[in-house]
Number of protein chains: 4
Amino acid sequence: MTDLFQSTKPIYSQLADRINRQILRGELKPGDKLPSVREMALQVNVNPNTVQRTYRELEGMEIVESRRGQGTFVTENEEILNAMRERLKKDEISQFVEGMHAMGYKNEEIEEGLRNFLNDGKGDQA
Amino acid sequence: MTDLFQSTKPIYSQLADRINRQILRGELKPGDKLPSVREMALQVNVNPNTVQRTYRELEGMEIVESRRGQGTFVTENEEILNAMRERLKKDEISQFVEGMHAMGYKNEEIEEGLRNFLNDGKGDQA
Amino acid sequence: MTDLFQSTKPIYSQLADRINRQILRGELKPGDKLPSVREMALQVNVNPNTVQRTYRELEGMEIVESRRGQGTFVTENEEILNAMRERLKKDEISQFVEGMHAMGYKNEEIEEGLRNFLNDGKGDQA
Amino acid sequence: MTDLFQSTKPIYSQLADRINRQILRGELKPGDKLPSVREMALQVNVNPNTVQRTYRELEGMEIVESRRGQGTFVTENEEILNAMRERLKKDEISQFVEGMHAMGYKNEEIEEGLRNFLNDGKGDQA
DNA sequence: GTGGTCTAGACCACA
DNA sequence: GTGGTCTAGACCACG
C-alpha cells in the first residue's frame, strides 16, 4: 500500500490541497458531491476523523458545503473557487521560488529561465 | 530515523541530485572532498554500493572526480559546474510548469503570477 | 571449466568489449535483441548484476538500447556503430604498438613489418 | 595465485616466447645464464619437465646453449638473435592482423590506422 | 584507509 | 517474462 502523504505538513491539510487540486483540474465540478467521510477515509487510507477535519477546513474556506443528511458538496460559487485558484497559484509559485532560491538561483535567472522555457515551446500546454 | 528519500526515483539518483544541490548552494566547493563511500552510506543510511553508484554517476557527468585510495572530489572545472547549474535550472522549471499545467493553469497565468510575486517583494532573496 | 575472462580488466568491461566485437563482426546486427540479462549471465557464467552493468555501460555509449519488459537491443544508429568501430580500431592498434615497443621494436620496424606482411600476401583477407 | 598462462598454446611454447621476449627487451643479454630448470620451474610454477622441454626447444633454435654441469646460456651469436627478433616480429604482426580481420577490419584500414596512430604522436616510443 | 568490482539474492516496474 | 534497483557482504587495487 502506497501512502499518499508526505512528511511535515499535517495530513488533513494535504488532503485539503488534494481536493482543491481535483476541483481545479475539473475532476470535481461545482455542485459535485464529495465521497462520504467514511468512503474517503478508506480511499486515502486515513482515519475518518482526519477526513472530517479536512471537510471542516474546506467548509471554513467556503469551498465546500455540508448538507446534513446529504453529504458534502463543492460550492457553486465561482468567485470563491476563483479566489481559491488564485491563492493556490500564489502558493505554488511561492514554494517554487523559495526552492530555487535555496538552490542559489537569483530572481532574474528564474524569470528569464521561465520565459525561455515557455517560448522554446518546451512548455506547450496539454 | 527519518528516511531521506522519496518514492519512485531511484535512491542513487536522488542522492546525486542532493549532492548537485549542495554544490550549487556552495556547501560543497570545487576541489572539496566528498565523504567516503562508506561514510556517506552511514550518513544517508543506504548501502555503500548505492553510494558508489551515485558517485559513479556523478563522475560520468564529470561533476566529480574519483581517485582510488584518496577519495572523491568536486571537479574544479567551473564550466561543467555551470552547465550542471543550467541543466538543473531547466529541470526545476520544467517540473514546476508541468505541475501547474496539471492543475489547470495556463502559461500566461504562470508567467504573470511569477512576475507579480517577484515584484511584490514577496520573493525577496535570502 | 575454463573462464572466459582475463585478469585485470573488470569483467563487465571485458563483456562489453566482447559484445562490441560481435557487433563489428556482424554476429549481432543493428536492431538485434541481445540475450536477456539472466540468459547472458548463464551463458558467460557471471552474476546477472554484472551483465546488467555491462548492458548499462553499453547503453551509456548508446551502442545498445534497453526497453524495460522487452529486452536490450543493438542500436540502429549506424553513425554510433561506426564511431565505435573507429574507436575500437584505435584501441587495438594502440595496444599492439605498445606491446611491440615493450619488446623493443621501433616504429619504423613496425610499420615496415606490417607493410611487408600485407604485401607478401600473408595477410590475405578472409 | 594468478596463472601466467593462457589457453590453447602449449605451456612450454608460451614459456619459450616469454624468454624470447626477455631477450628482446634486454632483460636477458647474450651470454647471460638462464635460471636452472628447477629454479625456473619454481618461478613460473610449472613442472620441471616442462621447463626442460622449453630449454630443449630454444636450444634447437640455437637461441640458447646448454653446457653440461654449468647451466643454460643465451647465445652470443647476434645473427641468430636478429633472426629470432625478425621471426617474432612477423609472428606478432601476423597475430595482430589476424585479430583485426576477425573483427572485420580491412587491410587498408589497418595500414592507414597504424600510420595515423604513429604520426599523431600517440605512438611515441618510450 | 580510499574507491572499485563481484556475487547472491530479493524486490519492483513495465508489458 | 523483461530490465532496473537495492542490500549484504566479500574481496581487490592503490597509496
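Under 7 Å by Cβ, and 6 or more places apart or on different chains, what pairs join a residue from segment B:7-28 that is on the phi > 0 side of the Ramachandran plot with one that is small (Gly, Ala, Ser) and not in a helix (DSSP H, G or I)?
Short answer, once both residue conditions are applied: B:26/A:104.
Can we say residue C:111 is in contact with a Leu (Cβ under 9 Å, 6 or more places away or on another chain), of a type outside the set (Gly, Ala, Ser) and closer than 16 Å to residue D:119 by Cα? Step through it out loud before you land on a result.
Numbers: in contact with a Leu (Cβ under 9 Å, 6 or more places away or on another chain): yes; of a type outside the set (Gly, Ala, Ser): yes; closer than 16 Å to residue D:119 by Cα: yes.
Taking the combined requirement at face value, the residue satisfies it.
May I ask you to verify whether residue C:98 is within 14 Å of chain D (Cβ to nearest Cβ), closer than 17 Å to residue C:20 by Cβ and in a helix (DSSP H, G or I)?
Numbers: within 14 Å of chain D (Cβ to nearest Cβ): yes; closer than 17 Å to residue C:20 by Cβ: no; in a helix (DSSP H, G or I): yes.
No: the conditions fail for residue C:98.
Give the residues of segment B:54-77 that are within 8 Å of DNA strand E (Cβ to nearest atom) and surrounded by 12 or more Cβ atoms within 10 Å (Cβ to Cβ), sorted by residue number. Let's see the steps before the verdict.
In the first step, residues of segment B:54-77 are kept if they are within 8 Å of DNA strand E (Cβ to nearest atom); the result is B:55-56, B:59, B:66-72.
Correct list: B:55, B:56, B:59, B:66, B:71, B:72.
Take the residues in segment C:73-95 that are in a helix (DSSP H, G or I) and hydrophobic (A, V, I, L, M, F, W, C); name whichever of them is nearest to residue C:62 (Cα to Cα).
Kept after step one, since they are in a helix (DSSP H, G or I), are these residues of segment C:73-95: C:78-95.
Retained after the next criterion (residues that are hydrophobic (A, V, I, L, M, F, W, C)): C:80-81, C:83-84, C:88, C:93.
Numbers: C:80: 7, C:81: 9, C:83: 11, C:84: 10, C:88: 15, C:93: 23 Å.
Result: C:80.
Can you pull out the residues in segment C:21-40 that are among the β-branched types (Val, Ile, Thr) and more than 8 Å from DNA strand F (Cβ to nearest atom)? I'd like the intermediate steps shown before the answer.
Step one: of segment C:21-40, the residues among the β-branched types (Val, Ile, Thr) are C:23, C:37.
The one that is among the β-branched types (Val, Ile, Thr) and more than 8 Å from DNA strand F (Cβ to nearest atom): C:23.
Determine which member of the set B:86, B:92, B:98, B:78 is in contact with a Pro (Cβ under 7 Å, 6 or more places away or on another chain), more than 10 Å from DNA strand F (Cβ to nearest atom) and on the phi < 0 side of the Ramachandran plot.
None of the others qualify; the one that does is B:78.
Within segment C:22-38, can you find the residues that are under 12 Å from the mean Cα position of the chain (by Cα) and of a type in the set (A, V, I, L, M)?
Scanning segment C:22-38 gives C:23, C:24, C:28.
Out of (1) within 16 Å of DNA strand F (Cβ to nearest atom); (2) within 14 Å of chain A (Cβ to nearest Cβ); (3) surrounded by 14 or more Cβ atoms within 10 Å (Cβ to Cβ), the odd one out for residue B:8 is which?
It fails just one condition, (3).
Please go through (1) under 29 Å from residue C:27 (Cα atoms); (2) surrounded by fewer than 18 Cβ atoms within 10 Å (Cβ to Cβ); (3) at pLDDT 90 or above; (4) in contact with a helix residue (DSSP H, G or I) (Cβ under 6 Å, 6 or more places away or on another chain) for residue C:86 and return the number of the only condition it doesn't satisfy.
(4)
Residue check, residue C:108 against (1) surrounded by 14 or more Cβ atoms within 10 Å (Cβ to Cβ); (2) within 14 Å of another protein chain (Cβ to nearest Cβ); (3) in a helix (DSSP H, G or I); (4) without any contact (Cβ under 8 Å) to a residue 40 or more places away in the chain, all met but one. Which one?
It is condition (1) that residue C:108 fails.
Run down C:43, C:52 and say which single residue is part of a helix (DSSP H, G or I), under 21 Å from the mean Cα position of the chain (by Cα), within 16 Å of DNA strand F (Cβ to nearest atom) and at pLDDT below 95.
On the way: C:52 fails: at pLDDT below 95.
Selected residue: C:43, the only one of C:43, C:52 that is part of a helix (DSSP H, G or I), under 21 Å from the mean Cα position of the chain (by Cα), within 16 Å of DNA strand F (Cβ to nearest atom) and at pLDDT below 95.
Does any residue of segment A:73-95 turn out to be in contact (Cβ under 8 Å) with a residue 24 or more places away in the chain and of a type in the set (Phe, Trp, Tyr)?
Taking every residue of segment A:73-95 in turn, at least one turns out to be in contact (Cβ under 8 Å) with a residue 24 or more places away in the chain and of a type in the set (Phe, Trp, Tyr).
The values are calculated or read from the model by the stated rules, or taken from the named source; none is laboratory data. Keep in mind that what you see is a predicted model, and the values were worked out from it rather than measured. Neighbour counts are summed over all protein chains in view; Cβ atoms, including those assigned to glycine, are modelled from backbone coordinates with ideal geometry.
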